[in-house]
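Worksheet: one structure, shown below.
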Amino acid sequence: MPEPFALADVSIVTGDADGTVLAAQSVVVGASGAIERVGPTADTPAPPGYRLMDMPGHHLVPGLINAHAHLFSNGLPLPPFLVKESTAALVTKLGRSPIGRRLFKRRAKTNALIQLHSGVTTIRTVGDTGYEVVHVAGEIDRGDYLGPRVLASGPLLAITGGHGAPQIALTSDSPWDARRNTRRNVQRGVKAIKISATAGVTDARAVGYAGRPEMTQEEMTAICEEAHNAGIRVAAHAQSADGIYAALRAGVDTIEHGARMTSEIIDLFLDNPRSLNGSSALVPTLLVCLPLVEFAQEITGASDIVRANATMVLDEMVQGIHAARENGIAIGMGTDSALTYVTHYDAWREMDVLVRYGGLTAAQALNSATQTNARILGLDDVTGSIEPGKAADLVLLDGNPLDGFRAFVNPRMVVARGAVIDSPSVTRYPDLDTQLDSF
Ligand SMILES: [Zn+2]
């Protein structure tokens, strides 16, 4: 049971799209881990027996939600043998062996905790090597150790030879087999389903390959029906208009990465009767693509084909974000952590580039990472804002994040479901940080 407490004299950054900041507020958190009261400090005393923390000059933000994460690696360049086609079968076999499963589970736990210590209190994974993240999520929920709330996807679902296959995917080539793989994941306890609607950058074999449609609409429809029957939302990796259109028609809830939009696509995002929320959302991931485009190939080691695809995908993604912004489509925040150049401690960088490349205001970017992500993941009655009845998922910062997301680099305190981490800390990769600081 967390110790009940009250945070007093803080400025609350609500996470709404207008950038509302409320001065001199108190937040009272009960032993259940839920927020009990929020209001001006003058009228919101700490109840007897509650630890009082007076924190003038600090900003309190809803805990961040990372809607697109992987936990199998740390963000340093992935060793080539892990992604090469010729070694894929061996790597997959090793990863699913008892030793591999133990290794990946340990990594998943470590990386989930790094995200927590940097202010991410909820993670949705979108492609794991097996069910290791499901197990980590279970341990956290049971209270074995303090961690973020994790919606684990397990292996993503792809076609034979498709994006993510075989290393982090279950494959199928018909609607019924796709249904079976969905049922398998649901049976194993996943809380998210991820599919590869199109090819991707990492496995591109030719220029223009990244957006090539992979899963048919029939297959995606089967998956969405099975997932939705279990109350689970579906995320689709989709990097072309054709792929996005088919995925939305099938009822996919969130489009990952994205691409330019036609008016039909815009209409489907806004009104998608087959999705669980009745509308679908876009989760762009700029940070994973930018280094491949902005850094010299000698630094990234990217082939000409990968570089050309990354350039195309970045351009498409930015156009998709602009179309979403201009048409009122919900934009979520996801980092694609674990992939090269995306560590588990800098979700703030994705918000930063959503502003600089996507044209969002700082308030809109923070809103994506908090209130919007909660809504699109179906968690808005649980987390995403600082309100009575919701879980106390909070980040206390020295500075106002709306003046610069770097305020998240050293949070003063992180609270996860009411449990306080007083001095969060993570181990950084200084060389990588210096590189990323350059754009
Ligand atoms: Zn990803």
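The values are calculated or read from the model by the stated rules, or taken from the named source; none is laboratory data. Here the structure is a predicted model, which is why all the values come from computation and not from measurement. Every residue, glycine among them, receives a Cβ derived from its backbone with ideal geometry; neighbour counts consider all protein chains shown. Only protein heavy atoms, including side chains, enter the accessible area calculation; ligands, DNA and RNA are left aside. Shrake-Rupley method; radii C 1.70, N 1.55, O 1.52, S 1.80 Å.
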Filtering the range 72-129 down to residues that are open to solvent by less than 30 Å² (accessible area, probe 1.4 Å), under 23 Å from A416 (Cα atoms) and among the β-branched types (V, I, T) yields V120, T121, T122, I123, T125, V126
Worksheet item: Do we find a residue being open to solvent by less than 10 Å² (accessible area, probe 1.4 Å) and more than 23 Å from R375 (Cβ to Cβ) anywhere in the range 224-238?
Response: no
Going through the range 14-49 in order, the residues found to be of a type in the set (A, V, I, L, M, F, W, C) and open to solvent by 30 Å² or more (accessible area, probe 1.4 Å) are A17, V21, L22, A23, A24, A31, V38, A42, A46
ask   = Residue check: is Q115 modelled with pLDDT under 95 and touching a helix residue (DSSP H, G or I) at 6+ places or on another chain (Cβ under 9 Å)?
value = no
If we take the range 147-199, then strands (runs of 3 or more DSSP E) inside it with 2 or more residues that are out of contact with any Ser or Thr (no Cβ under 8 Å at 6 or more places or on another chain) and either among the hydrophobic types (A, V, I, L, M, F, W, C) or buried (at least 24 other Cβ atoms within 10 Å of the Cβ) (or both) are 193-196
Taking first residues from the range 19-38 that are not assigned by TED's automatic domain parsing to the domain that holds A416 and second residues anywhere that are assigned to a strand (DSSP E or B) and crowded, with 18+ Cβ neighbours inside 10 Å, the pairs with Cβ under 8 Å that are 6 or more apart or on different chains are none
The range 248-343: helices (runs of 4 or more DSSP H) wholly inside it with 2 or more residues that are within 16 Å of the ligand (Cβ to nearest atom) are 290-294, 304-327
Taking the range 339-380 and keeping residues surrounded by fewer than 24 Cβ atoms within 10 Å (Cβ to Cβ) and of a type in the set (G, A, S) leaves G358, G359, A362, A363, G378
When (1) within 18 Å of G332 (Cβ to Cβ); (2) out of contact with any Leu (no Cβ under 7 Å at 6 or more places or on another chain); (3) assigned by TED's automatic domain parsing to the domain that holds T20 are applied to G399, the one that fails is (1)
